[in-house]
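The values are calculated or read from the model by the stated rules, or taken from the named source; none is laboratory data. The structure presented is a predicted model; accordingly, all values stated were derived computationally and were not measured. Methodologically, a virtual Cβ is constructed for each residue, glycine included, from the backbone with ideal geometry; neighbour enumeration extends over all protein chains shown. Please note that ligands, DNA and RNA were not included when accessible areas were found on the heavy atoms of the full protein model with its side chains. Shrake-Rupley method; radii C 1.70, N 1.55, O 1.52, S 1.80 Å.
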Amino acid sequence: AVVATQSTGAKDRTAVTMPSLDDINWQTLEYSGADTIWVIGGVNWLINMLWAPIPKREVERRQHNDPYPVTANLRTATMAGGLFAMDRQYFKDLGEYDQGMGVWGGENMELSFRIWMCGGSMLFIPCSKVGHIFRPAHPYDFMGNNADVVAKNYIRTARVWFDEELDFYFKIRPHFETIDAGDLTDRYELRKRLNCKSYAWFIRNVYPELPLERDLIGSGQLRTADGRCMDTRGKDLAQGNILHLGTCHTGEGRNSNSNRFMMFTKDGRLMGLNFCLDSGYGEELKFYNCHNQGGAQHFNYDIATSKITQNNGRCVTADVEKNKVITAPCKEGDPYQVWEFDYKYF
């Protein structure tokens, strides 16, 4: 698994490669192949891998370095679990898998961070194809403790690799902060020995699509005065779903916080944990891939009035009758057009 770089042809033992993943239907075993790769592996603040569009910078790099850019190696921030090839000795030098993790969950993300932050790189190879059966449920025995095993894996990842960003992670998942992650001494020592970079470096240089806390003007629950909050209901995992209105929570429950955790960036993006809100300059607010081109994905937060506006004179509004968040003409004194953050950075 030692690959040649596209620019010089030199061998690079620190390049970790992954195939194009084709789908095999779990019921019929029908094979659904793709001609090429249209996405890369991304990450959100829950440490979930997500499929993200190929960024413009990577399109330009491939066009510059390869006469056949559609089949050129494709840099990816994260990998799907277990489907990679790398130099055996490099895998050992890098610390192999974290032996403190259990069964399944998070190991692909931890290894992805470690590869990039400690001097390696990760590449999709479009012409290398592997068919994978995506099952509807986990086939693993979690020793009767599914949630705790997976949570511990993610907490180990965050505590070892997130540095000063760890506090922000626990704002999103406060119930994780008190869970015992086990002994991390060897992982801290490994990171020091490998002279690894910071998680902020990873975001800035590998996956800048994910905002850091310092990139925000506000985060957490976005609430009205009467205790109603923006609520994704977990529907921001797919594009095209609307933003709901729900009851603000007290921090209890495993997913209640992440379903209501919003981010408002300094460059005007209003986001859930996966996608950006897009009004289409109409009434409904829906989640779509962040395109960073402004337009219907650009919002303004007025510190004086606590209103969220767009440049067409409409305000983000709580529709209490339909239990969803919409845009509507701005009205003076309308309490359902006033939004307060849990965490303010202004």
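Worth a mention:
- Exclusive hit being within 28 Å of G42 (Cα to Cα), in contact with a helix residue (DSSP H, G or I) (Cβ under 8 Å, 6 or more places away or on another chain), surrounded by fewer than 19 Cβ atoms within 10 Å (Cβ to Cβ) and at pLDDT 95 or above, set K344, K266: K266
Here's the yes/no breakdown for (1) of a type outside the set (F, W, Y); (2) farther than 25 Å from A158 by Cβ; (3) in contact (Cβ under 8 Å) with a residue 40 or more places away in the chain:
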| site | (1), (2), (3) |
| --- | --- |
| F84 | no, no, yes |
| D87 | yes, yes, yes |
| Y90 | no, no, yes |
| G95 | yes, no, yes |
| D98 | yes, no, yes |
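- Comparison of M18, M101 shows that the only residue that is surrounded by 15 or more Cβ atoms within 10 Å (Cβ to Cβ) and part of a loop (DSSP other than H, G, I, E, B) is M101.
- Qualifying residue in region 123-131 (condition: in contact with a strand residue (DSSP E or B) (Cβ under 7 Å, 6 or more places away or on another chain), open to solvent by 30 Å² or more (accessible area, probe 1.4 Å) and of a type in the set (V, I, T)): yes
- Residues that are open to solvent by 40 Å² or more (accessible area, probe 1.4 Å) and under 30 Å from T247 (Cα atoms) were ranked within region 186-214; the one that is nearest to the chain's Cα centre (by Cα) is E209.
- Residue check, Q293 closer than 25 Å to R75 by Cβ, open to solvent by 10 Å² or more (accessible area, probe 1.4 Å) and over 18 Å from the mean Cα position of the chain (by Cα): yes
- Count - residues of region 56-72 that are open to solvent by less than 60 Å² (accessible area, probe 1.4 Å), assigned to a helix (DSSP H, G or I) and of a type in the set (D, E): 1
- Failed item, numbered, when M109 is tested on (1) assigned to a helix (DSSP H, G or I); (2) in contact with a Pro (Cβ under 6 Å, 6 or more places away or on another chain); (3) closer than 19 Å to M49 by Cβ: (2)
- In a residue-by-residue description of region 152-160, the property of being within 13 Å of R114 (Cβ to Cβ), in contact with a Cys (Cβ under 8 Å, 6 or more places away or on another chain) and either at pLDDT 95 or above or in a helix (DSSP H, G or I) (or both) applies to no position.
- Listed by position, the strands (runs of 3 or more DSSP E) contained in region 238-346 that have at least 2 residues being β-branched (V, I, T) are 307-309, 314-319, 324-329.
- Lone unmet requirement of (1) among the charged types (D, E, K, R); (2) touching a residue at least 40 places away in the same chain (Cβ under 8 Å); (3) open to solvent by 30 Å² or more (accessible area, probe 1.4 Å) for R156: (3)
- Boolean, L222 is touching a residue at least 12 places away in the same chain (Cβ under 8 Å), surrounded by 19 or more Cβ atoms within 10 Å (Cβ to Cβ), out of contact with any Ser or Thr (no Cβ under 8 Å at 6 or more places or on another chain) and assigned to a loop (DSSP other than H, G, I, E, B): no
- Matching entry among F84, F134 (being of a type outside the set (S, T, Y), open to solvent by 10 Å² or more (accessible area, probe 1.4 Å), modelled with pLDDT of 90 or more and touching a strand residue (DSSP E or B) at 6+ places or on another chain (Cβ under 8 Å)): F84
- Pairs, first on the phi > 0 side of the Ramachandran plot in region 254-283, second buried (at least 20 other Cβ atoms within 10 Å of the Cβ), C-beta under 6 Å, six or more apart: G268/F299; G280/A296; Y281/A296
- Some residue of region 33-55 being more than 24 Å from the chain's Cα centre (by Cα), modelled with pLDDT of 90 or more and open to solvent by 20 Å² or more (accessible area, probe 1.4 Å): no
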